[in-house]
């Protein structure tokens, strides 16, 4: 599935110069709330981040009244995604808490509609865009710990991942590196300045199992971990419920575009 999506994305990108005409380019920076869509744990957002450049293509040769409004946009972004999470176990004594803060390289492919507002002076536009992104994890940090207040024994307070080296805290040693999301946005352009609000919804589970298989995977891991605990010291089951969700973000962006397309 990953190979098919990647090939389709590159095939479309290769066709852009043939079917459409380059009209403008720009840079954009965005901040907002990044969180994970998952009902299994209590999540709190972290500060999401996007920075990158883009190029716009228009089909100006079309014999269509909307040829000056419809465009395609692609580019390259560096994004920050992740969440903070917490879970109270069934015994109501232990608390699991942690976070993962991840950085991705993101390639978007948007279809957009830009409309100049006739009631205002020239250079004022409203803008709508929708499309997929392909995201590849670069680096990140994962922290995941169980704590039982009032019980200082190591067996009740432990990290779910081995400590000691930087690799042990690497997000993409434990989470899926590849992600696909869809973005829906609306914006306003004043001459060369752009202001956008967009939603970014991921479709691929963070852990290396599909969402539909996650309950079975967690059950097997817990059973195996319980058996191992009876024979090995300091060995804990790796309950990965925290990573069965998908990356999501709500972002506000400011950009600058050159040249403006009339």
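Quick notes on this structure:
- Counted residues, segment 99-110 - those being out of contact with any helix residue (DSSP H, G or I) (no Cβ under 7 Å at 6 or more places or on another chain) and at pLDDT below 95: 2
- Condition met for residue 120 (loosely packed, with under 13 Cβ neighbours inside 10 Å, at pLDDT 85 or above and farther than 21 Å from residue 174 by Cβ): yes
- Of all residues in segment 49-66 being modelled with pLDDT under 95 and either more than 23 Å from residue 123 (Cβ to Cβ) or within 11 Å of the chain's Cα centre (by Cα) (or both), the one that is surrounded by the fewest Cβ atoms within 10 Å (Cβ to Cβ): 63
- Matching residues in segment 41-60 - criterion: being over 22 Å from residue 142 (Cα atoms) and touching a helix residue (DSSP H, G or I) at 6+ places or on another chain (Cβ under 9 Å): 55, 57, 59
- Residue 94 being on the phi < 0 side of the Ramachandran plot and touching a residue at least 60 places away in the same chain (Cβ under 8 Å): yes
- Those residues of segment 4-45 which are crowded, with 16+ Cβ neighbours inside 10 Å, within 16 Å of the chain's Cα centre (by Cα) and modelled with pLDDT of 75 or more, in sequence order: 30, 31, 32, 34, 35, 36, 43, 45
- Search result, residues across segment 67-83 that are over 18 Å from residue 187 (Cβ atoms) and either modelled with pLDDT under 75 or surrounded by fewer than 18 Cβ atoms within 10 Å (Cβ to Cβ) (or both): 67, 76, 78
The values are calculated or read from the model by the stated rules, or taken from the named source; none is laboratory data. Not measured: the values here are computed from a predicted model. Here Cβ is always computed from backbone atoms with ideal geometry, including for glycine, and neighbour counts include all displayed protein chains.
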